[in-house]
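Peer 1: Handing you a structure now.
Each value in this text was obtained by applying a stated rule to the coordinates, not by laboratory testing. Treat the numbers as computed from the prediction; the structure is a model and nothing was measured. Backbone-built Cβ (ideal geometry, glycine too); neighbour counts: all protein chains shown.
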Amino acid sequence: MHKILTIVGARPQFIKAAAISHAIKEKYTDSITEDILHTGQHYDDNMSGQFFSELNIPLPKYNLGVGSGSHGAQTAAMLKGIEDILLSEHYDGVLVYGDTNSTLAGALAAAKLHIPVFHVEAGLRSFNRAMPEEINRVLTDHTATLLFAPTQTAVQNLRKEGFTDRQIVFSGDVMLDNIIYYGRRVTTPHPTPGGTAWSILATVHRDFNTDNPARLKNILSALNSIAEHYGTKILFPVHPRTRKRIQEFNLQLPSSNFQVAEPLSYIESLTAIKSAKIVLTDSGGLQKEAFFCGRPCVVLRPETEWVEIVEAGAAILTDADCGRIVAAVEKLWDTTPPSPTQFGDGHAAEKILENIISTLTPGSDGFHFISSSI
Ligand code: UD1
């Protein structure tokens, strides 16, 4: 029996971890046990607790309660807390997800103790080192024993950085697994926050958009004009930091154009995507979910890690440029994205678990699902 520690801390990680926990429960209880460590990076119920109950994820055995802080302070507190746990209880491997400060802290603490690190969503690159997530991704990949790449672009990025095919596994994307599994619980049209008088979903949470008044103002002005032009409201679930900045910068969200809401649960979010005609976001996860649900997406960033979606004509990069945002909505308004074929077959969690089990089994010669050749 292999004992792994799953380290999570931020909203998108609870969602990704749900796919693995679910697959363990369904298929691998004889060979793997999982404990969950929550760093406490996200702590509001609508940013954290609601995902555990809604997605039926096992409750964390450990919660470090680290909370918010500067990048250094937050990551350092996590590193210390995770190391203490890894020293007090034996784990055969550590599983980390994505690119947050919790990901990096978990990977670094484990690697320094010579515990194998398994990185889900490896190989993503924006090539923008000003993003804290880019630093987290690169460093986490370089501590990892196995790198689970969701796309072939991610596989290629890793090869270019010198990783070998014994380290890289093209697993596909656990978020696609989730859409297939939990998507059955989504019925549309569905009562979503504020009723039905909206057909556009928008979210903004990246620090480079929220903490710069000119950029945040541009994005909100674009949303305002779009709502006016199409005669519809915009459902706008607000991240806690975005809410603070809107107040601080004294920006207006007229109720005639915006349906402001608290951060949505996973099922509410899928429901909102499926009920929307178009999605505007700076979130990586939401870009993918829109694509998987067949909705076009305007990406409020200068670049994206999910280049496949742009190449498929299902998303347009606009940065925080008001004119480009308005033009992109016009271009995509009647677009139906093609079926997603670049993100695996919906069985990423199984591939990840098979490979972890195989790697941790003494005498095994390695992996069942080496990255496919391209
Ligand atoms: C983090 C991740 C980002 C991910 C996002 C998902 C890093 C560097 N960034 O960004 O990659 O896309 O999570 O949401 O790890 N806050 C609350 N309550 C909470 C959580 C946060 O009020 O439960 C507020 C605090 O003011 C905090 C701010 O939001 O300072 C930012 O939170 P933080 O965890 O630092 O980063 P996110 O922007 O959420």
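Peer 1: How much net charge surrounds Asn178 when only the other residues with a Cβ under 15 Å from the Cβ of Asn178 are counted, with Lys and Arg +1 and Asp and Glu -1?
Peer 2: Net of charged neighbours comes to -1.
Peer 1: Now for a different question. For a test of the definition: using alpha carbon positions, the gyration tensor, and the 1.5 limit on a/c, classify region 113-175 as rounded, prolate or oblate.
Peer 2: The shape class here is rounded.
Peer 1: Cross-link candidates for Lys112: which lysines have Cα within less than 19 Å, leaving aside residues fewer than 8 places away along the same chain?
Peer 2: Result set, ordered by chain and number: Lys3, Lys80.
Peer 1: Given contacts defined as C-alpha pairs under 8 Å and at least six residues apart, what's the relative contact order of region 89-194, whole-number percent?
Peer 2: 23 percent
Peer 1: Determine Rg/Rh for region 139-231; Rg is computed over alpha-carbon atoms and Rh is the Kirkwood hydrodynamic estimate from the same atoms.
Peer 2: With Rh from the inverse mean 1/r over Cα pairs, Rg/Rh is 1.14.
Peer 1: Output the peptides 132-141, 355-364 sorted from most to least packed, where packing is the average of other Cβ atoms within 10 Å over each peptide's residues.
Peer 2: Result, highest mean first: 132-141, 355-364.
Peer 1: Right, another one. Among the aspartates and glutamates, select those whose C-alpha is under 19 Å from the C-alpha of Lys277, and discard any that sit fewer than 8 residues away in the same chain.
Peer 2: Glu228, Glu268, Glu289, Glu330, Asp334
Peer 1: Kindly rank 227-237, 276-286 from highest to lowest mean number of other beta carbons found within 10 Å of each residue.
Peer 2: 276-286, 227-237
Peer 1: Which residue fluctuates most in the GNM of the chain (Cα springs below 10 Å): Ala312, Ala149, Ala348?
Peer 2: Ala312
Peer 1: I've got another one for you. Given +1 on the Cβ of Lys and Arg, -1 on the Cβ of Asp and Glu, and no further charges, what dipole in debye does region 219-291 carry about its Cα centre, rounded to the nearest 20?
Peer 2: 60 debye
Peer 1: If you don't mind, there's one more thing I want to ask. How long are the semi-axes of the ellipsoid equivalent to region 9-96, from square roots of 5 times the Cα gyration tensor eigenvalues, in whole Å, largest first?
Peer 2: 23, 18, 9
Peer 1: If one computes the Cα centroid of region 321-349 and of region 107-177, what distance in Å separates the two points?
Peer 2: If you average the Cα positions of each part, the centres end up 24 Å apart.
Peer 1: Provide, as a two-decimal number, the C-alpha radius of gyration of the chain over 2.2 N^0.38 Å, N being how many residues it has.
Peer 2: Dividing the Cα radius of gyration by 2.2 N^0.38 Å gives 0.96.
Peer 1: Now for a separate question. Compute the relative contact order of the chain as a whole-number percentage, counting only Cα pairs closer than 8 Å that sit 6 or more residues apart in sequence.
Peer 2: Result for the chain is 16 percent.
Peer 1: Give me P(r) over region 161-283, computed from all C-alpha to C-alpha distances, binned every 10 Å, as integer percentages.
Peer 2: 12, 38, 27, 15, 7, 1
Peer 1: Divide by every residue of the chain the summed helix terms, -39500 (n - 2.57) for each DSSP H run of at least 4, and state the resulting mean residue ellipticity at 222 nm, rounded to the nearest 500 deg cm²/dmol.
Peer 2: -13000 deg cm²/dmol
Peer 1: Here is a further query. For the cross-link pairs Lys27/Lys61; Lys16/Lys233; Lys25/Lys160, which exceed 28 Å when the distance is taken from alpha carbon to alpha carbon?
Peer 2: Lys16/Lys233; Lys25/Lys160
Peer 1: Among the lysines, which fall within straight-line cross-link reach of Lys244, defined as a Cα-Cα distance under 16 Å, with same-chain neighbours fewer than 8 residues apart omitted?
Peer 2: Lys217
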